[in-house]
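I have placed the structure first, in the form of structure tokens, so that the comments after it can refer back to it.
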């Protein structure tokens, strides 16, 4: 698939597609049905998964899935069990799309170091066309909740 096109390897394309494929394998294998409280965190605005939720659901019913079954549509597990981070995608449109698709509680700020400068990512989040409550969620509150960072240690 990448033969003769080395530019597709790594951060330009292959990381996103291969990571998305691994995440979908977990969804379709029923891992999140068996472990409903599990959370997988994907970078790069969800590795294209938020853009394709409708397609996953509509094509699941006509796919060559063998004996694989799910109690819910694939998008249910993606939205419930996957959280995403923003690194490497400093795009207002992509951020709003991800938040619309996944919910504002499932998106966290991050930086794609060394491929992205921290100040570039910070300027992006500061200038994003978001309600302030959503900016705070993305900037810190979602990470605190998802990673249980606000629990007091006794």
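The values are calculated or read from the model by the stated rules, or taken from the named source; none is laboratory data. Because the structure is predicted, anything quoted here is derived from the model rather than measured. Note: ideal-geometry Cβ built from the backbone for every residue, glycine included; neighbour counts use all protein chains shown.
Checked against (1) within 21 Å of residue 127 (Cβ to Cβ); (2) at pLDDT 95 or above; (3) not in a helix (DSSP H, G or I), residue 72 meets all criteria but (1). The selection criterion, being buried (at least 21 other Cβ atoms within 10 Å of the Cβ), touching a residue at least 60 places away in the same chain (Cβ under 8 Å) and within 16 Å of residue 46 (Cα to Cα), does not hold for residue 102.
Here 80, 55 are screened, and the one residue that is in a helix (DSSP H, G or I), out of contact with any strand residue (DSSP E or B) (no Cβ under 6 Å at 6 or more places or on another chain), surrounded by fewer than 15 Cβ atoms within 10 Å (Cβ to Cβ) and at pLDDT 95 or above is 55. Flag: residue 8 does not match the condition of being under 16 Å from the mean Cα position of the chain (by Cα) and either crowded, with 16+ Cβ neighbours inside 10 Å or free of Cβ contacts under 8 Å to residues at least 24 places away in the same chain (or both). Against the test of being in contact with a helix residue (DSSP H, G or I) (Cβ under 9 Å, 6 or more places away or on another chain) and closer than 21 Å to residue 139 by Cα, the options 47, 33 yield a single qualifying residue, 47. How about region 83-100: which of its residues are part of a loop (DSSP other than H, G, I, E, B) and touching a strand residue (DSSP E or B) at 6+ places or on another chain (Cβ under 9 Å)? Within region 83-100, just 86 meets the criteria. Return the only residue of 50, 73, 87 being surrounded by 13 or more Cβ atoms within 10 Å (Cβ to Cβ) and more than 15 Å from the chain's Cα centre (by Cα). Testing whether each residue is surrounded by 13 or more Cβ atoms within 10 Å (Cβ to Cβ) and more than 15 Å from the chain's Cα centre (by Cα) leaves just 73. The set of residues in region 111-154 that are touching a strand residue (DSSP E or B) at 6+ places or on another chain (Cβ under 6 Å) and within 26 Å of residue 54 (Cα to Cα) comprises 138, 142, 146.
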